[in-house]
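Presented below is the structure to which this report refers.
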Amino acid sequence: MKKPGKVFSLLCAATLGIGSLTACSGESASKGSDEEFTLSAMVKLHSPEVPNKKILEILEEKTDMKLDIQFVPSTTYVEKVNALFGSGSFPDSIVLDLDMLTQYHEAIQDGQFWEIGPYLDEFENLAKMKDEVVENTKVDGKIYMIYEGKPLSRQGMIYRKDWAEKLGLSAPKNTDEFYEMLRAFTEEDPDGNGKDDTFGLTDRNELIFGAFKTVASWFHTPTNFGLDNGEIKPEFMFPEYMQTLDFFRDLHEKGYINKDFPVTSKTDQQGLLKNGNAGVYVGSMGDVQSLYLDTVANNPDAVLDVHNQVAGPDGKFTVWSLPGYGNAILFPKSSIKTEEELKKALSFYDYLMTPEGANLVFWGIEGEHYTVENNEVIIKDQNLFDKEVLPIQTLEIAEQETNGRLKAKYDYEPMAKAEELFIDNEQYLIPDPTVGLHSPTFNEKSMMLQKIIDDATYQYIIGQLDKDGFEAAVNEWVKQGGDKIMEEFTAAYQKK
């Protein structure tokens, strides 16, 4: 097994004060004797406190290894990763999100991480990962990562069903009916109070996870980039993007959307629905549970529902897609020196892909943290669960469909419906053709270039730019490096 190395002291220094579950010492850093393997890992912490050792000790027992897991707050995680990259020292496994994977693409290509593809067939459970998502993780056609799954698309709409029924409306089947709902919620007094105090769509300063990108995908706008006669071009060069711009510009002019949405926070956006000002929210349908609780607190008669299939002008429904994961786990060669050590590390994640392992890290200990009724989980004590289990959920890999963990029991029917619609969306996805492709110019300039387009998009919608002005912004994007991005992505696509 590996000898003690500087990786642990550096890792401990990087996470000092955050709460390592083992002491920062040479002894704890060691892989131990030949009989005992110690796996070090760095993961994101999404809750206020690090978990106690209870569940992790069960994991150690089940996998026959010691765990040295550093839980780093998600707010400082990127900074910690960058520090480790700068030092060249890592734990045995490290979590990178999509932005970091883009940033460190060349490090992966340079062989700083293990290619795990050749070993996956030796692990019955890891081999169950979704082929289409694994494909999206590949670098130069090779598998380096175990992915942490996300639904390919949670996107849809949440709306005031009681308002719709009062006005004789059903869930919109197409963009025309969607527009009509927004108009009616604005102009026809859906709350019946005789005042002009409601409007249709509540939105926020977010063009991706707010309403814009989802509505754009109903018009069949490509997801980030699209193919045009074999050439990769950005979404905003396609006519469907301009259709969406015109749609939102009209909503804004007529007051069917909150006028200040370009500077509205998510909290304020949701507040407009909860307080009874707006009747439609476009985004993650999974938000319906929390939205409902606060909405009925303000208005006990309010009824919410979720809906996904809003067809475009051609009568077909499409929706934009994520690559099926938000984070991925990689295995640095600077820490894992041999195939034997890599296989030991992979065996831990193979256990996490069993129903037993997946339930343990996602739901905790049966009888203590949850009970099972009709193969569905019921949380026993939410406070205890949030303290002892929620921080551990960051260890889950793949997704419920492949790791076999139990589903939650939802007493609120629209939330159960939302979960079903996530799956339904998978039949209608618009994939991003650049997933897994490499463009050095995109890595270097994408944030600066995207701001040009984001600003122009908002300005067009609120009437500060005309079509010539928007086109000028697109030309500026091209001049500032966009031409290189298109060239590089096209070349990489053609090599696939």
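The figures follow:
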| read-out | value |
| --- | --- |
| The range 274-295 - residue that is hydroxyl-bearing (Ser, Thr, Tyr) and surrounded by fewer than 24 Cβ atoms within 10 Å (Cβ to Cβ) and, of those, nearest to Leu152 (Cα to Cα) | Ser284 |
| Residues located in the range 185-230, provided they are of a type in the set (Val, Ile, Thr) and over 18 Å from Pro323 (Cα atoms) | Thr186, Thr198, Thr202, Val215 |
| Conditions (1) part of a helix (DSSP H, G or I); (2) in contact with a strand residue (DSSP E or B) (Cβ under 9 Å, 6 or more places away or on another chain); (3) touching a residue at least 24 places away in the same chain (Cβ under 8 Å); (4) not hydrophobic (A, V, I, L, M, F, W, C): number failed by Gly271 | (3) |
| All positions within the range 380-398 that are touching a residue at least 24 places away in the same chain (Cβ under 8 Å) and either open to solvent by 30 Å² or more (accessible area, probe 1.4 Å) or within 21 Å of Tyr325 (Cβ to Cβ) (or both) | Asp386, Lys387, Leu390, Pro391, Ile392, Gln393, Thr394, Leu395, Glu396, Ile397, Ala398 |
| Residue within the range 399-411 that is open to solvent by 30 Å² or more (accessible area, probe 1.4 Å), out of contact with any strand residue (DSSP E or B) (no Cβ under 6 Å at 6 or more places or on another chain) and of a type in the set (Ser, Thr, Tyr) present | yes |
| Condition broken by Pro313, with the remaining ones in (1) touching a residue at least 24 places away in the same chain (Cβ under 8 Å); (2) open to solvent by less than 30 Å² (accessible area, probe 1.4 Å); (3) not aliphatic (A, V, I, L, M) satisfied | (2) |
| Matching residues, the range 93-122, being open to solvent by 20 Å² or more (accessible area, probe 1.4 Å), over 17 Å from the mean Cα position of the chain (by Cα) and hydrophobic (A, V, I, L, M, F, W, C) | Trp114 |
| Selection within the range 229-264 - among the aromatic types (Phe, Trp, Tyr) and touching a residue at least 24 places away in the same chain (Cβ under 8 Å) | Phe236, Tyr241, Phe247, Phe248, Tyr256, Phe261 |
| Cβ-Cβ under 8 Å pairs, at least 6 apart or on other chains, the range 408-419 side over 16 Å from Gln309 (Cα atoms), far side part of a helix (DSSP H, G or I) and of a type in the set (Val, Ile, Thr) | Tyr412/Val288; Met415/Val288 |
| Residues being open to solvent by 20 Å² or more (accessible area, probe 1.4 Å), touching a residue at least 24 places away in the same chain (Cβ under 8 Å) and hydrophobic (A, V, I, L, M, F, W, C) - total across the range 438-459 | 3 |
| Sole exception among (1) closer than 16 Å to Thr244 by Cβ; (2) surrounded by 20 or more Cβ atoms within 10 Å (Cβ to Cβ) for Ile462, by number | (2) |
| Some residue of the range 233-253 being under 21 Å from Lys266 (Cβ atoms), in contact with an Asp or Glu (Cβ under 9 Å, 6 or more places away or on another chain) and not aliphatic (A, V, I, L, M) | yes |
| Single unsatisfied condition, Lys66 versus (1) open to solvent by 50 Å² or more (accessible area, probe 1.4 Å); (2) at pLDDT 90 or above; (3) more than 22 Å from Val361 (Cβ to Cβ) | (3) |
| Residue match in the range 443-453 (condition: more than 30 Å from Asp260 (Cα to Cα) and at pLDDT below 95) | yes |
| Elements of type helices (runs of 4 or more DSSP H) contained in the range 127-223, each with 2 or more residues being open to solvent by 60 Å² or more (accessible area, probe 1.4 Å) and not acidic (Asp, Glu) | 161-166 |
| Failed item in (1) touching a strand residue (DSSP E or B) at 6+ places or on another chain (Cβ under 7 Å); (2) farther than 16 Å from Asn224 by Cα, with Ala473 passing the rest | (1) |
| Output for the range 350-366, where each listed residue is surrounded by fewer than 20 Cβ atoms within 10 Å (Cβ to Cβ) and assigned to a loop (DSSP other than H, G, I, E, B) | Thr354, Ile365 |
| All positions within the range 243-268 that are under 26 Å from the mean Cα position of the chain (by Cα) and outside any loop (DSSP other than H, G, I, E, B) | Thr244, Leu245, Phe248, Ile257, Phe261, Pro262, Val263, Lys266, Thr267, Asp268 |
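The values are calculated or read from the model by the stated rules, or taken from the named source; none is laboratory data. Remember, predicted model here, so these are calculated numbers, not experimental data. Virtual Cβ from ideal backbone geometry, glycine too; neighbours counted across all protein chains shown. Side chains are part of the model used for accessible areas, which takes the heavy atoms of the whole protein and leaves out ligands, DNA and RNA. Shrake-Rupley method; radii C 1.70, N 1.55, O 1.52, S 1.80 Å.
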